[in-house]
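To start, the structure under review is shown below, and the notes come after it.
Read the figures in this text as sums done on the coordinates, not as results from a lab. Not measured: the values here are computed from a predicted model. Backbone-built Cβ (ideal geometry, glycine too); neighbour counts: all protein chains shown.
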């Protein structure tokens, strides 16, 4: 009996968002910046989710180059779109966090901010070019190159005021544990969005008449 997987998208997304909100609500304040730590943690979790999306798109893109399987093409495009969305969300959340902790709304001179904007711009260019060319192999290669570029930029970007990894360096075991708990629903939401995009027609930019997997999958 076929199952319409689209019907589960909003309930699963709402569940993930609700769980993330509950974790943020219940987490303790930090000794120095108080409750602002909740915005900082959400910013960090969205950042991780976006980066995982970009890296997943690159990995699936490389798989498509080797196998030419239509499913790899769809998942690569879906992870690219979802990862870019969550990466952009992490920048937007960083704006109030920056203002509340440092004063300015955007720390323009901070290398990590520059890296964030570079990745946002590069991702948007890849999405736009893929949309215009509608070529599956080019899209897969672009996803792979973008994933490598994201790793390279993240590794080479220094810091001025922004701590390199403040959460893992926190002396509080509880706060580190809370962050790990928060990562589960936030990254899960990114994957859920990508999963939904795989059955949306607009992610099949260059697949032509690939396998006709639509919104129905066979129950096993």
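Alpha carbons only, please: Rg and Dmax for region 35-205, in angstrom.
Expressed in Å, the Cα Rg and Dmax of region 35-205 come to 16.6, 50.
Rounded to the nearest 0.05, what FRET efficiency is calculated for residue 141 and residue 14 with R0 set to 35 Å and r the Cβ-Cβ distance?
Details: r = 36 Å, r/R0 = 1.02.
The computed FRET efficiency comes out at 0.45.
If contacts are Cα pairs under 8 angstrom and at least 6 residues apart, what is the relative contact order of region 35-205 in percent?
Working: 218 pairs, mean separation 61.2, N = 171.
Computed over region 35-205, the figure is 36 percent.
At a 10 angstrom cut-off on C-beta neighbours, averaged per residue, how do the peptides 39-49, 10-20 rank from highest to lowest? Numbers along the way, then the final one.
Working: 39-49: 22.5, 10-20: 14.9.
By packing density, highest mean first, the sequence is 39-49, 10-20.
Would you mind computing, in nm to one decimal, how far apart the modelled labels at residue 177 and residue 31 are, each placed 7 Å from Cα along Cα→Cβ?
1.8
Apply the Debye scattering formula to region 1-132, with a single equal point scatterer on each alpha-carbon and no solvent, then give log10 I(q)/I(0) at q = 0.23 Å⁻¹.
Treating every Cα as an identical point scatterer, log10 I(q)/I(0) equals -1.34.
When 1/r is averaged over all different Cα pairs and the result inverted, which Kirkwood radius in Å belongs to region 88-161?
Kirkwood hydrodynamic radius for region 88-161: 13.7 Å.
Can you tell me the length gained on complete extension of the stretch residue 148 to residue 118, counting 0.36 nm per residue apart and subtracting the Cα distance? Mind showing how you got there, number by number?
Numbers: separation 30, 0.36 × 30 = 10.80 nm, distance 1.35 nm.
Computed gain between residue 148 and residue 118 is 9.4 nm.
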